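All remarks here apply to the structure that follows.
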Amino acid sequence: MTRIVDAAEEHFGRPVMKVTAPGGEGRSSFRLHFENMDVIATLRPNFRRTHLEAFVLERLRTYCDDVPECLGVVGEVMFQADVGRRRLNQEIVQHDAAKQMDLAAEAVATIFRFQSAARKTDLSKMMPHLGANQGWVNGLVDGIETLELYGSGVPKQFDRVAACERLTQPGRQFVKWDCRSGNAAIGRDEKMRWFDFEYSGMRHGAEDFAWLIGDEAWPISPEKMVDVIIEQFDPDCGYEIADYLDYLSVYLTFHSTQRLKLILNEAQKRGWLSKERVRKYDDAGVHPEFAAQICDVGRYFSAQSKITAPLTQGFEAAKSSFQEILKEGRSLKSA
């Protein structure tokens, strides 16, 4: 903390009045309160990621206003504009269904916009390619083992090779990665912006929407989110919409199993958490309702592709299990 404050006062030439931690004390970003402005200071564990994030923000801001402004880097500390305290994951549950759909549409539109901005830059030549080796793809598909807890195992008709082939994608499109709704906020100007670009790179492009729809705390059904994607689809993204949605469905199927695995592991360690705590600290969705939600996402999207359709029943069984936990109020360890 002392390093961050010293760097900030040197960089901005004014004293820091107070420091708060918007994501909790264990996170790498802090809100610095000056007399007449607030700034977000980030000290990543990885020096390279700090500078990569600053580089990305500077490039994107040339062509869009959907990401924070980078205010400078001092050593290992990056400073960026404060995009607001109304995080999307908390904001969206405060509204009725119609307003929630408006927020979902804006969230999707902003992702398409910063991806479009990236195509106007040299980021495609500079950024790492994500998930570019077979081991990573195999690991993603292996997440289906989690579904074995809720049924008779992975169906024989599931073609693992076909799944891996579909998920093996060249780095054609910039992706932010980790587009969970806790990583977007609405500012005083009512503008929604995405932040935390430390893991960004190049891949298919639909992965950003998979992270949003596959955010277990996201309150909108997968069916409605597909409608939003279709309405906001950017025809200049380099794909036909049918192929884009097919890939999104396959990827989201396996993304859902990874999120489910994370929820189960965390619940075993800590027990179930309140939904309010999960949203406040942008935590893993360790609540039976959120677990049921990610199973519903997996159920819907797995059914959209021949490759993943054999897995649909497993998601349905898992969803039923968490619904029973909600009804009976049981703990995971006794379930």
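The values are calculated or read from the model by the stated rules, or taken from the named source; none is laboratory data. Everything numeric in this text was worked out from a predicted model, so none of it was measured. For neighbour counting, all protein chains shown are included, and Cβ atoms are generated from backbone atoms with ideal geometry for every residue, glycine included. For accessibility, only protein heavy atoms count, side chains too; no ligands or nucleic acids. Shrake-Rupley method; radii C 1.70, N 1.55, O 1.52, S 1.80 Å.
Overview of values
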| item | result |
| --- | --- |
| Given (1) open to solvent by 70 Å² or more (accessible area, probe 1.4 Å); (2) of a type in the set (A, V, I, L, M, F, W, C); (3) over 30 Å from K319 (Cβ atoms), index of the condition L123 fails | (1) |
| Residues of region 76-102 that turn out to be open to solvent by 50 Å² or more (accessible area, probe 1.4 Å) and within 27 Å of I4 (Cα to Cα), as a count | 3 |
| Filtered residues of region 41-83 (kept if among the polar types (S, T, N, Q) and at pLDDT below 95) | T42, N46, T50 |
| Single residue of region 43-70 satisfying the filter (in contact with an Asp or Glu (Cβ under 7 Å, 6 or more places away or on another chain), free of Cβ contacts under 8 Å to residues at least 40 places away in the same chain and surrounded by 17 or more Cβ atoms within 10 Å (Cβ to Cβ)) that is farthest from I4 (Cα to Cα) | R61 |
| Failed criterion for L149 (all others in (1) aliphatic (A, V, I, L, M); (2) in a helix (DSSP H, G or I); (3) within 14 Å of A107 (Cα to Cα); (4) in contact (Cβ under 8 Å) with a residue 60 or more places away in the chain hold) | (3) |
| Test: residue in region 7-17 that is open to solvent by less than 20 Å² (accessible area, probe 1.4 Å) and either modelled with pLDDT of 95 or more or outside any loop (DSSP other than H, G, I, E, B) (or both) | yes |
| Residue match in region 274-286 (condition: among the polar types (S, T, N, Q) and either surrounded by 17 or more Cβ atoms within 10 Å (Cβ to Cβ) or within 19 Å of G143 (Cα to Cα) (or both)) | no |
| Pair list, Cβ < 6 Å and 6+ apart or interchain, from region 311-325 residues that are in contact (Cβ under 8 Å) with a residue 24 or more places away in the chain and under 10 Å from A292 (Cβ atoms) to residues that are outside any helix (DSSP H, G or I) and open to solvent by 50 Å² or more (accessible area, probe 1.4 Å) | I325/A335 |
| Index of the failed condition, Q169 passing every other in (1) under 21 Å from D246 (Cβ atoms); (2) modelled with pLDDT of 95 or more; (3) touching a Gly at 6+ places or on another chain (Cβ under 8 Å) | (2) |
| Filter result (in contact with a Ser or Thr (Cβ under 7 Å, 6 or more places away or on another chain), open to solvent by 10 Å² or more (accessible area, probe 1.4 Å) and not in a loop (DSSP other than H, G, I, E, B)) within region 292-320 | R299, A309, T312 |
| Check on F158, open to solvent by less than 80 Å² (accessible area, probe 1.4 Å), among the aromatic types (F, W, Y) and closer than 13 Å to R59 by Cα | no |
| Only listed residue being out of contact with any Cys (no Cβ under 9 Å at 6 or more places or on another chain), under 24 Å from C179 (Cβ atoms) and without any contact (Cβ under 8 Å) to a residue 24 or more places away in the chain, chosen from D283, D246, D296 | D283 |
